[in-house]
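In what follows, a single structure is set out as structure tokens and then discussed.
The values are calculated or read from the model by the stated rules, or taken from the named source; none is laboratory data. As the structure is a prediction and not an experimental result, all values here were calculated from the model. Using ideal geometry, Cβ is built from the backbone for each residue, glycine included, and neighbour counts are taken over all protein chains shown.
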Amino acid sequence: MKNFYDFKVDNIEGLSAQEKEFRNKELDLFNKNGFPNKREEAWKFTDLNTILSKNFANITNDYISLKEKKFELIKEFDHNYLIVLDGILVSNEFKFEDKNKVLIKEYDYKKQISVSNQNSLNLLNNALATGGYNLEISRDYKFKKPLVVYNYFSESIKEKIISYKNSLILNENSELTILNYTDTKTKNNFFVNSFDYLKLKKDSNLKNIFINKDRCNCYFHNYLKSDLEQNTNLDTYILSTGLKFNKMDIEINLNEERAKSSIFSALSLGSEEHQEIKSSINHNFKNCQSYQKIKNVLNDQSRGVYQGKIFVKQEAQKTDAYQLSKALLLNDNSEFDAKPELEIYADDVKCSHGSTSGSIDLNLIHYLKSRGIPEKEAYQMLINGFLSEILEKLPEDNLKKFLVEKIGRQINGY
Amino acid sequence: MLNIKNLEAKVDNKHILNGLNLDIKPGEVHAIMGPNGSGKSTLANILSGKNGYEIKGEIKYDGQNLSELSTEERAQKGIFLAFQYPLEIPGVNTNVFLRTSLNSVRKARGEKELDTLNFLKLVKEKSSELGINEKFLSRQLNVGFSGGEKKKNEILQMKILQPKLAILDETDSGLDIDALRIVADGVNSYKNKDNAFLIITHYQRLLDYIKPNFIHVLSKGKIVKTGNAELGVELEKTGYANFI
Ligand SMILES: Nc1ncnc2c1ncn2[C@@H]1O[C@H](COP(=O)(O)OP(=O)(O)O)[C@@H](O)[C@H]1O
Ligand SMILES: [Mg+2]
């Protein structure tokens with residue numbers, strides 16, 4: 001049987017012999033099993049191999065990035081930015097900040113970061129990743145404006161895999177809000193397999209937001225690993241509607257006292273979209289908190305998956321862990337699967353989880369319509385209302401307004 | 001304004017309305033009284049356009065067949081139902097709801113939409129008339145409102161939307177005597193020669209404040225007796241037993 005992919009380390013230029021050897025080893029490991037299917041723990045509900053083989057003829061990693069003419073920036077709120085094209089850092093602008101406090105450079109592949117969960121896509125990322133960035137914020141520095149990371153993809157990219165790694169370090173008592181903004185209009189199919197590493201040092205605070213500008217025919221897998229030190233706060237907001245396939249594989253390690261992590265997700269999936277959130281929250285130390293609230297609205301033929309794992313080490317007493325997923329199914333052809341996994345070895349632990357799914361209450365629609373509100377608008381109001389609990393939590397007024405407006409458009413089907 | 005002829009309604013093969021006739025003209029106030037389960041809310045729901053009923057007979061509103069109009073079109077053309085059990089809608093802000101509602105109706109009537117400033121002015125005026133604290137308006141629609149607050153909120157919506165035919169389904173139930181007076185004043189101040197009311201109630205006490213032109217007794221899905229305001233006083237004394 002002919003494979004629908006063909007990856008070569010030799011397609012990557014400028015590697016040392018040692019790097020080549022490492023990457024080839026990782027590629028061999030990947031090739032043994034190929035893309036994941038339901039046998040893999042992290043892919044219980046999804047056969048990615050089948051999904052990709054249906055939608056790709058031959059994925060390769062030999063792309064050439066064409067320099068795009070002009071990048072369109074967001075005008076609605078002041079921000080700093082990075083421009084990343086096909087995974088490669090092209091430019092940066094920190095005009096609202098003290099530039100001495102920000103270190104930005106290309107990702108350094110000599111310093112590999114180990115991943116606790118070596119799933120096959122991480123192996124593939126190790127083998128093929130190029131580009132990416134390395135961002136470090138100095139201690140005591142609090143960003144004045146958000147940072148937008150523009151993820152552009154060339155129009156010409158087609159039947160390719162794009163792999164890169166990013167790393168972000170927040171030094172002690174620093175603070176930052178990032179908007180990861182994917183911008184591509186291409187009708188071409190391509191696959192992005194990225195790896196992000198986040199390190200939050202003592203007393204630092206990061207808000208990390210994901211959203212897309214448009215619908216596109218892309219397939220995303222993003223592994224996000226974070227290590228949190230004492231008294232840190234990491235808020236992750238997943239609003240990334242619009243992709244054909246998207247999986248966020250989130251590993252959060254609460255390594256010291258009073259580390260706190262929240263995941264908020266408000267997704268309104270359009271026809272034939274597939275989104276997964278897989279989280280592993282590791283309570284490795286006492287007195288840490290984790291919170292997850294996942295809200296999915298599912299349209300025709302769309303599919304949502306939430307696999308939330310909470311792991312509490314024996315010494316992690318006074319852990320407070322919460323997770324809840326709610327799905328609103330707009331159609332009989334849509335599907336939502338949720339599976340909480342709790343692995344708890346400490347005894348003094350507050351841990352709650354739950355999952356519900358249901359359809360729109362037609363009595364509520366009638367109530368709204370009886371006040372003159374047209375049916376379509378009534379549905380939008382209820383969907384918005386369903387997601388509002390998450391939207392209210394978005395940070396910074398101007399940014400929030402921008403995001404809420406975007407999500408409003410997503411609900412209307414772009 | 002409203003002409004109902006021989007209206008029958010079934011749900012799941014259960015007969016609820018069995019040949020109901022009712023004519024309402026502009027400027028009139030009609031009251032419907034009747035025991036629990038006699039079909040009062042069903043009539044109100046059908047007039048509002050609620051799905052799920054198998055209907056026979058004829059309902060005309062301003063000469064037009066009501067069955068041709070969707071729920072929202074009925075509202076836009078001036079039919080308003082104050083629900084017996086107003087629903088809670090989490091995540092929907094009361095002010096946003098009121099404004100969307102008013103502007104939908106205005107748009108359908110070919111009027112200009114109200115901007116935020118003018119809308120807030122209007123809401124402030126109407127809610128203070130009803131003794132509704134402005135804080136309620138920034139809360140989620142009816143969520144955590146007390147029974148009486150929900151009912152007042154219905155009357156607020158009525159006063160904002162300015163319907164031609166207002167149907168109040170047991171709006172008085174669950175109101176204390178002060179709230180009852182405020183609601184009744186709200187109705188009386190809105191009443192004029194061009195609009196009409198259909199008031200569903202169990203109690204004479206509301207009709208002490210809002211004088212009806214006609215009182216109808218509904219029993220087993222039919223109007224079994226029609227009289228003037230005095231009928232209410234009689235019902236209060238004797239109960240429904242004499243009529244059903
Ligand atoms: N959706 C429904 N399904 C089944 N029975 C219903 C439904 N709605 C109303 N009924 C029945 O119809 C009768 C009339 O109800 P309703 O109109 O609410 O009465 P009222 O408002 O006069 O108390 C009751 O016996 C009630 O149980
Ligand atoms: Mg009733």
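Pairing residues of segment B:30-41 that are farther than 7 Å from B:ILE215 by Cα and within 14 Å of another protein chain (Cβ to nearest Cβ) with residues that are within 8 Å of ligand 2 (Cβ to nearest atom) and not in a loop (DSSP other than H, G, I, E, B), at Cβ distances under 9 Å and at least 6 apart in sequence or on separate chains, gives B:SER41/B:ASP169; B:SER41/B:ILE200.
Restricting segment B:207-244 to residues that are touching a residue at least 40 places away in the same chain (Cβ under 8 Å) and in a helix (DSSP H, G or I), the residue that is farthest from B:GLU8 (Cα to Cα) is B:LEU207. Residue by residue through segment A:86-95, note down the ones that are crowded, with 20+ Cβ neighbours inside 10 Å and assigned to a strand (DSSP E or B). Correct list: A:LEU89 only.
Screening B:VAL29 on (1) within 16 Å of ligand 2 (Cβ to nearest atom); (2) touching a strand residue (DSSP E or B) at 6+ places or on another chain (Cβ under 9 Å) shows it passes everything except condition (1). Quick check: anything in segment B:216-232 away from ligand 1 (no atom under 16 Å from the Cβ), farther than 30 Å from B:ILE16 by Cβ, more than 14 Å from every other protein chain (Cβ to nearest Cβ) and modelled with pLDDT under 90? The answer is no, given that none of the residues of segment B:216-232 is away from ligand 1 (no atom under 16 Å from the Cβ), farther than 30 Å from B:ILE16 by Cβ, more than 14 Å from every other protein chain (Cβ to nearest Cβ) and modelled with pLDDT under 90.
Return the residues of segment B:82-92 that are more than 16 Å from ligand 2 (Cβ to nearest atom) and either at positive phi or more than 8 Å from chain A (Cβ to nearest Cβ) (or both); say none if nothing qualifies. Answer for segment B:82-92, where residues must be more than 16 Å from ligand 2 (Cβ to nearest atom) and either at positive phi or more than 8 Å from chain A (Cβ to nearest Cβ) (or both): B:GLU88, B:GLY91. When the residues of segment B:144-201 are filtered to those that are basic (Lys, Arg) and closer than 27 Å to B:ALA108 by Cβ, the one that is surrounded by the most Cβ atoms within 10 Å (Cβ to Cβ) is B:LYS151.
Within segment B:167-190, residues that are away from chain A (no Cβ under 14 Å) and within 20 Å of B:ASN213 (Cα to Cα) sit with their Cβ atoms under 6 Å from residues that are within 16 Å of ligand 1 (Cβ to nearest atom) and among the small types (Gly, Ala, Ser), at 6+ positions apart or across chains, in these pairs: B:THR171/B:ALA82.
All of B:PHE97, B:PHE119 fail the test of being under 27 Å from B:THR201 (Cβ atoms), part of a helix (DSSP H, G or I) and of a type outside the set (Ser, Thr, Tyr), apart from B:PHE97. Within segment A:32-46, the only residue that satisfies the criterion of being surrounded by 16 or more Cβ atoms within 10 Å (Cβ to Cβ) and over 22 Å from the mean Cα position of the chain (by Cα) is A:GLY34. B:THR116 meets the conditions (1) of a type in the set (Ser, Thr, Tyr); (2) more than 16 Å from ligand 1 (Cβ to nearest atom); (3) touching a Leu at 6+ places or on another chain (Cβ under 6 Å); (4) away from chain A (no Cβ under 14 Å) in every case but one. The failed one is (3). Would you confirm, using the coordinates I've provided, whether B:GLY78 is out of contact with any helix residue (DSSP H, G or I) (no Cβ under 9 Å at 6 or more places or on another chain) and not acidic (Asp, Glu)? Answer is no for this residue. For segment B:161-184, the tally of residues that are away from ligand 1 (no atom under 16 Å from the Cβ) and in contact with a strand residue (DSSP E or B) (Cβ under 8 Å, 6 or more places away or on another chain) stands at 5.
Across segment B:42-76, the qualifying residues are those that are within 30 Å of B:ASP208 (Cα to Cα) and within 16 Å of ligand 2 (Cβ to nearest atom), and the one among them that is nearest to the other protein chains (Cβ to nearest Cβ) is B:SER48. Of all residues in segment A:367-381, those being crowded, with 21+ Cβ neighbours inside 10 Å and touching a helix residue (DSSP H, G or I) at 6+ places or on another chain (Cβ under 8 Å) number 8. Taken as a whole, the condition of being within 14 Å of another protein chain (Cβ to nearest Cβ), out of contact with any strand residue (DSSP E or B) (no Cβ under 6 Å at 6 or more places or on another chain), modelled with pLDDT of 95 or more and part of a loop (DSSP other than H, G, I, E, B) applies to A:ILE373.
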